[in-house]
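The values are calculated or read from the model by the stated rules, or taken from the named source; none is laboratory data. This is a predicted model, so every value here is computed, not measured. Here the Cβ positions follow ideal geometry from the backbone for every residue, glycine too, while neighbour counts run over all protein chains shown. Note: areas computed on protein heavy atoms with side chains; ligands, DNA, RNA excluded. Shrake-Rupley method; radii C 1.70, N 1.55, O 1.52, S 1.80 Å.
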Amino acid sequence: MNASLLIVQTLNGVQLGMMLFLMSAGLTLVFGIMNLINLAHGSLYMLGAYFAATFQKMTGSFLLGVALALPAVVLVGILIEVAVLRRLYDHDHLDQVLATFAMILFFNELVSILWGPQAYFMALPEGLGGTVELLPGIRYPAYRLAILAAGGVVALGLWYFIMRTRVGMLIRAGAANREMVGALGVNIRLLFTLVFGLGAGLAGFAGMMAGPILSVEIGMGESILILTLVVIIIGGIGSVRGAFVAAILIGITDTVGRVMLPPALASMSIYILMAAVLFWRPQGLFPAAT
Amino acid sequence: MKGDFRFGKRHGAFLFTALLLAAIPFMGEPFYVRLASRILIYGLCALSLDLILGYGGMVSLGHAAFLGVGAYTTGILFHNGVQSVWIVWPAAVGMSGAAALVIGAISLRTAGVYFIMITLAFAQMIFYFCAGLEAYGGDDGMAMWSRNTFGGGLDLDSPVRLYYIILGALVVAFYLSRRLVDSRFGRVIRGIRENEGRMRSIGYPTFQYKLVCFVISGAAAGFAGVLLANLNGYISPALIHWTRSGEILVMVILGGMGTLIGPILGAACLLLAEEILSGFTQHWMIFLGPLLILVVLFGRGGLVGLATRGRYRG
């Protein structure tokens, strides 16, 4: 185990953490405000990757592909919310788990019909194919650095939006006490559609970023969905700050664990971490409603 | 069912169904025997989930873990030369019961969403643990080229004999579940589902009751795993994948949770739909997804609820 490998793996961990944060920020708000479990969040991640890959192929440009795919994913998210999820708010968690599980089955099959069952290729963006020398002797892929930067910028933007704008304030208030915000005259339905669209956009964006380094395939949303759920539970449901801390924590634990621990234990490590957190702090590290 | 046993309509229907199922091997079509075996095994697994879900109100998204522990115990013992029913079955049921004890003892400290998520997390742990067993096939799983034996030349290698064992197991499990649900213990469990705080105030140690229920359910699912390993002759981590837990959950809801016949009907419906629809199109899930959403939104009580319109509460 040498130092340069550790540095590279830590960077990979932070980068996975950024992805997880993009996924969990939207999901934790949906969870926190409307008390809705949305397992189909991973499908939006998958759709984001497929849309971007398709638009990239059509336009020949990665940036244009992302720019076109982003509104498409947000639109799908809003459609899902209006058509199905809106009816599930006053159902119990069991119904929500089932309905959104059914949506995963639907979207996986839809993608397999539209794009075919085999994995889809997505090219690295032009000019980011090489590596960058971070420290003497330590080279790191430029595209992964770009993901880190993009994730950081989005995280900062989200922080500003949630903490410093009026809509963000309403969202935070909604996460803490939905009925009270509704009673004060805020259109909670519209607010939620907005939050859901935002969450869908973030999940889709994470999928677009992941597209060129992972394979764009059916089921890609499910593995990251489980990690995202772990992040949300550890961070505390409804807390964006908690999601950020937990995402980085999980990203590093998972990636560095794979180098330092035996494989079976490494795959289990994050679930052990989650069980431990739930055992000692059943409400997560940063409970939202305090 | 208080001592004076009367042969009612329900017993008649039960007997009729059991006889009908017992007649399936006489159709002389091995494919149907195999399909019916699969349905009954998943019926048993869904029934065990319903004990905690429908009667106990504990929404577990990790029930496939116990199915997997049962199957893996069977497979690992097989690869170490142990095939006797008298050792393998108690060992597998004991292992899955023990797993349920540990998982339940930790998970039941939480409630609601957190309980759903922590059961999912434990199932993932067991998934990766089994996928990491390199000596037993790792990701690919392991084959089991002959089935368990009773000793004295009696084995399960004949599919029809295995089918009757599975059918017998389900009938026994159904009877035991009925006794359990109608017992004082069952009433306490249902009371906890309705209002746990109140049950605790009356003086019931609710945590212990829930834990015992969880262990019984896990052990029964483990037995379904034993049967599944014997039927398939193949054990892989795919058995424990979280979508499998989701499917078992779907079976219970589709059939009608909080009833004993519901989960078995649900398993039959889902597996038959898979079999029939996949004959028409490989993309049958595109219909299943929206159908499930409709069942969740409008079909309160599942198939049993639909058939009885609320007259029957188990």
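The set of residues in segment A:216-237 being small (Gly, Ala, Ser) and either facing chain B (nearest Cβ under 10 Å) or open to solvent by 10 Å² or more (accessible area, probe 1.4 Å) (or both) consists of A:GLY219, A:SER223. Looking at segment B:31-38, is at least one residue among the polar types (S, T, N, Q), within 11 Å of the chain's Cα centre (by Cα) and surrounded by 15 or more Cβ atoms within 10 Å (Cβ to Cβ)? Within segment B:31-38, none of the residues are among the polar types (S, T, N, Q), within 11 Å of the chain's Cα centre (by Cα) and surrounded by 15 or more Cβ atoms within 10 Å (Cβ to Cβ). Please go through segment B:193-225 and pick out each residue that is charged (D, E, K, R), within 30 Å of B:GLY43 (Cβ to Cβ) and open to solvent by 60 Å² or more (accessible area, probe 1.4 Å). B:ARG193, B:GLU194 - these are the residues of segment B:193-225 that are charged (D, E, K, R), within 30 Å of B:GLY43 (Cβ to Cβ) and open to solvent by 60 Å² or more (accessible area, probe 1.4 Å). A single entry from B:PHE127, B:PHE122 fulfils the requirement of being more than 19 Å from B:ALA219 (Cβ to Cβ), in contact (Cβ under 8 Å) with a residue 12 or more places away in the chain, at the interface with another protein chain (Cβ under 10 Å from one of its Cβ atoms) and not in a loop (DSSP other than H, G, I, E, B): B:PHE127. Counting residues in segment A:225-240 that are among the small types (Gly, Ala, Ser), within 21 Å of A:GLY207 (Cα to Cα) and out of contact with any strand residue (DSSP E or B) (no Cβ under 6 Å at 6 or more places or on another chain) gives zero. A Cβ distance below 8 Å, combined with a sequence gap of six or more or placement on separate chains, defines the contacts here; from segment A:10-23, residues that are of a type in the set (Phe, Trp, Tyr) reach residues that are open to solvent by 10 Å² or more (accessible area, probe 1.4 Å) in the pairs A:PHE21/A:ALA155; A:PHE21/A:PHE244; A:PHE21/A:ILE248. Scanning segment A:270-284 for residues that are within 20 Å of the chain's Cα centre (by Cα) and more than 8 Å from chain B (Cβ to nearest Cβ) gives A:ILE270, A:LEU273, A:GLY284.
Restricting attention to segment B:138-145, does a residue exist that is closer than 24 Å to B:PRO237 by Cα, in contact with a Pro (Cβ under 6 Å, 6 or more places away or on another chain), within 13 Å of another protein chain (Cβ to nearest Cβ) and modelled with pLDDT under 90? Among the residues of segment B:138-145, not one is closer than 24 Å to B:PRO237 by Cα, in contact with a Pro (Cβ under 6 Å, 6 or more places away or on another chain), within 13 Å of another protein chain (Cβ to nearest Cβ) and modelled with pLDDT under 90, which makes the answer no. Taking the listed residues B:LEU101, B:LEU67, the one that is under 28 Å from A:HIS93 (Cβ atoms), at pLDDT 95 or above and surrounded by fewer than 20 Cβ atoms within 10 Å (Cβ to Cβ) is B:LEU101, with no other qualifying. Listed here are the helices (runs of 4 or more DSSP H) enclosed by segment B:193-292 that have at least 1 residues being at pLDDT below 95 and away from chain A (no Cβ under 14 Å): B:196-202, B:206-232, B:261-280.
Here the helices (runs of 4 or more DSSP H) wholly within segment A:78-187 that include at least 3 residues being within 14 Å of chain B (Cβ to nearest Cβ) and either under 22 Å from B:GLY112 (Cα atoms) or under 23 Å from the mean Cα position of the chain (by Cα) (or both) are A:93-115.
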